[in-house]
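Quick notes on the structure that follows.
The values are calculated or read from the model by the stated rules, or taken from the named source; none is laboratory data. Just so you know, these numbers come straight off a predicted model, no measurement behind them. Backbone-built Cβ (ideal geometry, glycine too); neighbour counts: all protein chains shown. Just the protein is used for accessible areas: all its heavy atoms, side chains included, with ligands, DNA and RNA removed. Shrake-Rupley method; radii C 1.70, N 1.55, O 1.52, S 1.80 Å.
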Amino acid sequence: MPDAPRTSDGADVAVGDGAFGDSLIAQRDAPVGGQAVLEGVMMRGISTWAVAVRKPAPAQLRPGGLDAEEAPLGDIEVVTHPLTSMLKRHPVLRLPVIRGVVALGESLSIGFKALGISANAQLPEDEKEISGGVWAGTVVVAILLAVGLFFVIPVGLTSLIKDQLNSSLLFWLVEGLLRTAIFLGYLVMLSKLRDLRRVFEYHGAEHKTISCYEAGLELTPENAQRFSRLHPRCGTSFLLVVMIVAIFVFAPIGLPAWYWLVLTRIVGVPLIAGISFELIKFAGKNRRRRWVRAVMYPGLMLQKLTTREPDFAQLAVAIAAMDAVLALENPMGASEEERVGMEVVA
């Protein structure tokens, strides 16, 4: 492998090992985040978020039957929006755990808006765009399904054998293992879906671009490609942390009636999300520490299911989104006051 590039201080890039393989990894954390969308990437800074989407090539240039990666490339369309977090306006919301819940709510809102923009960008010009109401309904359904699948179903199934277990400790362990197994099975299933392959490639492009920026290198597809597609602040790692934190949060509740068990699982979701957010944030800031990397290793391994190696064209889209943010702000050079409210996963 060629020598690793070096930044002005010579200390922000290292050759990966373990989960990162031989790819480059950034050694500092920047207040930026992102998300893969349909044929594109959303990037979020301190006061701006932007979506870059690869538009379909004109119909006359797309021979029938070609896969997306085989078709001619369309233009990159970039949409930019201002961002003002509630965390900036209300100091009480900046308390630990609470800030994570608020930040995740805002991230979900931006993420679904970005998905709407990318989906509409893929439609023919003469076709009606997907309405905001449809996307709002999609958000509600998605959240209900997630809570049901990962929290209600595990406790419901475990409750069926509660009498046989006859132990709050065993109930706690069985429910936690079942929840984690459902989550892992869900990720494996998603990784097998051919239709999601390009989304996972754009997910890899997003991580590589953020790492390249964190390392202080020029944002080019060639530079970004040399970085790992895994990132300590990834949402996939966050979800695994959620599964594990849930085991410990629910442990003291014991074995009340089944309806109380179900209710606590639903009500406890924000608390679990807030605690998990703090852990992921800590991991991102302390990625140089060996013990932190060891603890986050399982989450990094899971990212191999939800990311794929992108090509240069996909990296160009991710860089276009990042450039749109950087054209309006300087996240790395922002003051602590300006960074208030900047709580994101990558």
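Scan the stretch 22-42 for residues that are at pLDDT 85 or above and either hydroxyl-bearing (Ser, Thr, Tyr) or not in a loop (DSSP other than H, G, I, E, B) (or both) and report the count.
Of the residues in the stretch 22-42, 8 are at pLDDT 85 or above and either hydroxyl-bearing (Ser, Thr, Tyr) or not in a loop (DSSP other than H, G, I, E, B) (or both).
Mind checking which residues of the stretch 186-199 are open to solvent by 30 Å² or more (accessible area, probe 1.4 Å), part of a helix (DSSP H, G or I) and either without any contact (Cβ under 8 Å) to a residue 24 or more places away in the chain or not aromatic (Phe, Trp, Tyr) (or both)? Step through it out loud before you land on a result.
To start, the set of residues in the stretch 186-199 that are open to solvent by 30 Å² or more (accessible area, probe 1.4 Å) comprises 186, 188-190, 192-199.
Now drop any that are not part of a helix (DSSP H, G or I), which leaves 186, 188-190, 192, 194-199.
The answer is Val188, Met189, Leu190, Lys192, Arg194, Asp195, Leu196, Arg197, Arg198, Val199.
In the list Phe171, Phe183, which residue meets the criterion of being at pLDDT below 95, assigned to a helix (DSSP H, G or I), of a type outside the set (Asp, Glu) and out of contact with any Leu (no Cβ under 6 Å at 6 or more places or on another chain)?
Of the residues listed, the single one that is at pLDDT below 95, assigned to a helix (DSSP H, G or I), of a type outside the set (Asp, Glu) and out of contact with any Leu (no Cβ under 6 Å at 6 or more places or on another chain) is Phe183.
Taking the stretch 143-198 only, how many residues are under 24 Å from the mean Cα position of the chain (by Cα) and not aliphatic (A, V, I, L, M)?
16
Yes/no per residue for (1) polar (S, T, N, Q); (2) closer than 30 Å to Ser168 by Cα:
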position: Pro252; (1), (2): no, yes
position: Ala273; (1), (2): no, yes
position: Leu305; (1), (2): no, no
position: Glu309; (1), (2): no, no
position: Asn330; (1), (2): yes, no
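State yes or no: is Ile280 of a type in the set (A, V, I, L, M) and farther than 30 Å from Ala320 by Cα?
Details: of a type in the set (A, V, I, L, M): yes; farther than 30 Å from Ala320 by Cα: no.
Answer is no for this residue.
Which of the helices (runs of 4 or more DSSP H) found entirely inside the stretch 200-286 contain at least 3 residues meeting this: closer than 22 Å to Leu104 by Cβ?
Fully inside the stretch 200-286 and qualifying: 235-250, 258-267, 269-285.
For the stretch 273-294, what are the residues that are over 15 Å from the mean Cα position of the chain (by Cα), aromatic (Phe, Trp, Tyr) and under 28 Å from Ile143 (Cβ atoms)?
Phe282
Have a look at Gly105, Gly111 and point out the one that is closer than 21 Å to Arg54 by Cβ and surrounded by 12 or more Cβ atoms within 10 Å (Cβ to Cβ). Give the steps one after another, and end with the answer.
Values: Gly105 fails: closer than 21 Å to Arg54 by Cβ.
That would be Gly111, the only listed residue that is closer than 21 Å to Arg54 by Cβ and surrounded by 12 or more Cβ atoms within 10 Å (Cβ to Cβ).
Just need a number here: residues in the stretch 295-311 that are open to solvent by 50 Å² or more (accessible area, probe 1.4 Å) and not aromatic (Phe, Trp, Tyr).
Of the residues in the stretch 295-311, 7 are open to solvent by 50 Å² or more (accessible area, probe 1.4 Å) and not aromatic (Phe, Trp, Tyr).
Check Thr158, Thr209, Thr180 and return the single one that is free of Cβ contacts under 8 Å to residues at least 24 places away in the same chain and in contact with a helix residue (DSSP H, G or I) (Cβ under 7 Å, 6 or more places away or on another chain).
Result: Thr158 is the single residue among Thr158, Thr209, Thr180 that is free of Cβ contacts under 8 Å to residues at least 24 places away in the same chain and in contact with a helix residue (DSSP H, G or I) (Cβ under 7 Å, 6 or more places away or on another chain).
Given the options Leu157, Leu123, name the one that is of a type in the set (A, V, I, L, M) and in a helix (DSSP H, G or I).
Leu157
Could you identify the single residue in Leu87, Leu66, Leu61 that is at pLDDT below 85 and crowded, with 18+ Cβ neighbours inside 10 Å?
Going through Leu87, Leu66, Leu61 in turn, just one is at pLDDT below 85 and crowded, with 18+ Cβ neighbours inside 10 Å: Leu87.
Within the stretch 200-238, how many residues turn out to be of a type in the set (Gly, Ala, Ser) and open to solvent by 30 Å² or more (accessible area, probe 1.4 Å)? Break it down stepwise before answering.
Filtering the stretch 200-238 down to residues of a type in the set (Gly, Ala, Ser) leaves 204-205, 211, 215-216, 224, 228, 235, 237.
Now drop any that are not open to solvent by 30 Å² or more (accessible area, probe 1.4 Å), which leaves 216.
Counting residues in the stretch 200-238 that are of a type in the set (Gly, Ala, Ser) and open to solvent by 30 Å² or more (accessible area, probe 1.4 Å) gives 1.
Please enumerate the residues belonging to the stretch 75-95 that are part of a loop (DSSP other than H, G, I, E, B), of a type in the set (Ser, Thr, Tyr) and farther than 19 Å from Glu278 by Cβ.
If the condition is that a residue be part of a loop (DSSP other than H, G, I, E, B), of a type in the set (Ser, Thr, Tyr) and farther than 19 Å from Glu278 by Cβ, then Thr84 is the only one that fits.
Of the conditions (1) open to solvent by less than 70 Å² (accessible area, probe 1.4 Å); (2) touching a helix residue (DSSP H, G or I) at 6+ places or on another chain (Cβ under 7 Å); (3) of a type outside the set (S, T, N, Q), Leu123 fails just one. Which one is it?
That leaves (2) as the condition not met.
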